[in-house]
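What follows is a single structure, written as structure tokens, with notes after it.
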Amino acid sequence: MRVFRFSLLLVCLLTLAACQTYYVPAEVSKTPAAAAPEDPETPAAVFDASKYKGVFVFTIEEIENDGRSLLHISYPVTEQDAINARMEEVTQEFIAEYRTTAAQIEKAYQDYKKETGREAATFITHYRQYFDVAVANENLVFFDIVRSIHTGGTGNTFVVGYIFDRRSGAELSIADLFVDERYLERLSTLTGEVLEERARRQIADLEYESEAARKEALAWTLEWIEEGTAPTAENFDNLLFRDDDTVLVAFDKYQVAAGVAGVVEVALPVTTIADLLKPEIRVLLGIDSETATPRSEIARALGHAWAGIKQSPTVVAEAFMPPAAQASSLTEDEINCYEVPCVALTFDDGPSVFTEGLLDILKEHEVKATFFILGSRARIQSETVSRTFEEGHEIGNHTWDHPLLTDPGVSNEHIRWQVQQTDEIITQIIGEPSVHLRPPYGAYNDRVLEVAGVPFIFWSVDPVDWRDRDAEIVAARIGDAPPGAIILAHDIHETTVEAVPAIIVALKNRGIHFVTVTKLFAPQKLLPGYVYSQQPDAPN
Ligand code: NI
């Protein structure tokens, strides 16, 4: 069941400069969308890591039609199978919608090409999904699923909320949060007042042919609002509880205003409805603070989930495992990649539910790697990111939610936001920002390179592990990597992680050392505006 939903279209109408066709995810700023952030580059508030305890990221990516059809989505995995099944179900529905749209757009592209003999960059289908935990404790979890649909140079982003009872895995409706139906009258009154005031102001600012026309427009608008805010469960099925003591009431397109207004939102202080909320919801939202479960206890209560979900990939078949690796006689500090052969193994798109298992393998083999992570996922699995950094791996930036940066619909401002917002969360977790960026899909041009303002890291060896989900094939392709290579891999695929032990053994047996990207080039410094895909003049 869809519990609540809102679009950021209104945000964009209010901050025209920020969104021509591409919208900044509002929940990142922790500012209610109705009071749109003036400055979309406002850094995220310090995030509460404990509410993410026991939540992991599962990612699905599809690339079809020579990169014209792109899907990049993630959904939460928790200790509760029923929650996971429901999240997978709604994600699969989104994927099905993507496939239909992508097929239609691809057909239009083929027709256009046949008719004109030309190609055009506007036939792109890009569906993305990421998620956040709005609020959570050991009893309840509120997920916000953020979806972006981008087709033909225009885009839209909206949020779908889901509420679960964590003990049973049951999904809850908005009505389940309140003691009785009085909440409908309350919401009707409160939102009606806000919308009426808003409408009066807007209509006063507009030009009309006559005062009579103005009056008529106002009457018509107020009638629309009255109907759309009538106290029915259907009118108030879109509520989004935030951890900043507000609740967003979102009205569907056409519900309280003309379609041009898109989804309309009203932010209310949660105190205005607090007396009608069930006791356990009041505890979750911190209204009854004396009885609220301390965050540290939540973390402890959910600690078991960590061990249960963490997946240690099974070591791939003995048959294709080369003999044991030769131990390196050099310590990490002694390695100079202009004197001894090195490669940089890199992993994109994490952290994911498979990353902890990968870190176990790297630790066991004393191998250092570089992780190009997504800000939206780093926030969920901050402990994984901390561990990655503490164990000597390098953290690179892979943007917030994997946009196609070369798309003309992605503004310069949005490119900067993608980079900076990710560095903000990385800094909050490990104490320093990333040192370089890998653009999603490897897509960049001069504009992207200049606007991002950081070194870009490419690759020279690509095992195509996103397409060929076979550990043996992936291991064979990487095992042949020459010295100086930057190797592309993805820690969102279990098969890739399964391939890593064999990769390590194969390369070490050839006398090759594993280093971070920075170390591969050291003492040469990586510079903004440059793209690095392999170490020049690598020794054999
Ligand atoms: Ni990627």
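The values are calculated or read from the model by the stated rules, or taken from the named source; none is laboratory data. A quick note: this is a predicted structure, and the numbers were derived from the prediction, not measured. So basically every Cβ, Gly included, is an ideal-geometry build from the backbone, and we count neighbours across all protein chains shown.
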Quick one: V133 ticks every box in (1) modelled with pLDDT of 95 or more; (2) farther than 25 Å from E234 by Cβ bar one, so which box is it?
(1)
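Residues checked against (1) away from the ligand (no atom under 16 Å from the Cβ); (2) at pLDDT below 95; (3) of a type in the set (D, E, K, R):
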residue	(1), (2), (3)
E332	yes, yes, yes
I335	yes, yes, no
V340	yes, no, no
G357	yes, no, no
D360	yes, no, yes
K363	yes, no, yes
V367	yes, no, no
G375	no, no, no
H393	yes, no, no
Considering region 415-434, residues that are part of a loop (DSSP other than H, G, I, E, B) and surrounded by fewer than 19 Cβ atoms within 10 Å (Cβ to Cβ), and then whichever is farthest from the ligand (Cβ to nearest atom), we arrive at G431
Among the residues of region 518-529, is there at least one that is within 16 Å of the ligand (Cβ to nearest atom), buried (at least 20 other Cβ atoms within 10 Å of the Cβ) and of a type outside the set (F, W, Y)?
no
Go over the candidates F347, F372 one by one and state the one that is over 16 Å from the mean Cα position of the chain (by Cα) and aromatic (F, W, Y).
F347
The correct count of residues that are at pLDDT 95 or above and more than 16 Å from the ligand (Cβ to nearest atom) in region 477-493 is 7
Residue count, region 222-243 (criterion: surrounded by 15 or more Cβ atoms within 10 Å (Cβ to Cβ) and farther than 25 Å from N156 by Cα)
2
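Can W459 be described as in a loop (DSSP other than H, G, I, E, B), within 16 Å of the ligand (Cβ to nearest atom), within 20 Å of the chain's Cα centre (by Cα) and touching a residue at least 24 places away in the same chain (Cβ under 8 Å)?
In short, no.
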The lone exception for H490 - which of (1) surrounded by 23 or more Cβ atoms within 10 Å (Cβ to Cβ); (2) touching a helix residue (DSSP H, G or I) at 6+ places or on another chain (Cβ under 6 Å); (3) touching a residue at least 60 places away in the same chain (Cβ under 8 Å) it fails
(1)
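Output the residue which, of all residues in region 336-361 that are part of a helix (DSSP H, G or I) and in contact (Cβ under 8 Å) with a residue 40 or more places away in the chain, is nearest to R377 (Cα to Cα).
Checked region 336-361; the qualifying residue nearest to R377 (Cα to Cα) is T355.
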When (1) assigned to a loop (DSSP other than H, G, I, E, B); (2) of a type outside the set (S, T, Y); (3) touching a Lys or Arg at 6+ places or on another chain (Cβ under 6 Å) are applied to E138, the one that fails is (3)
Looking at region 435-453 only, could you name the residues that are away from the ligand (no atom under 16 Å from the Cβ), touching a residue at least 40 places away in the same chain (Cβ under 8 Å) and in a loop (DSSP other than H, G, I, E, B)?
V435, G453
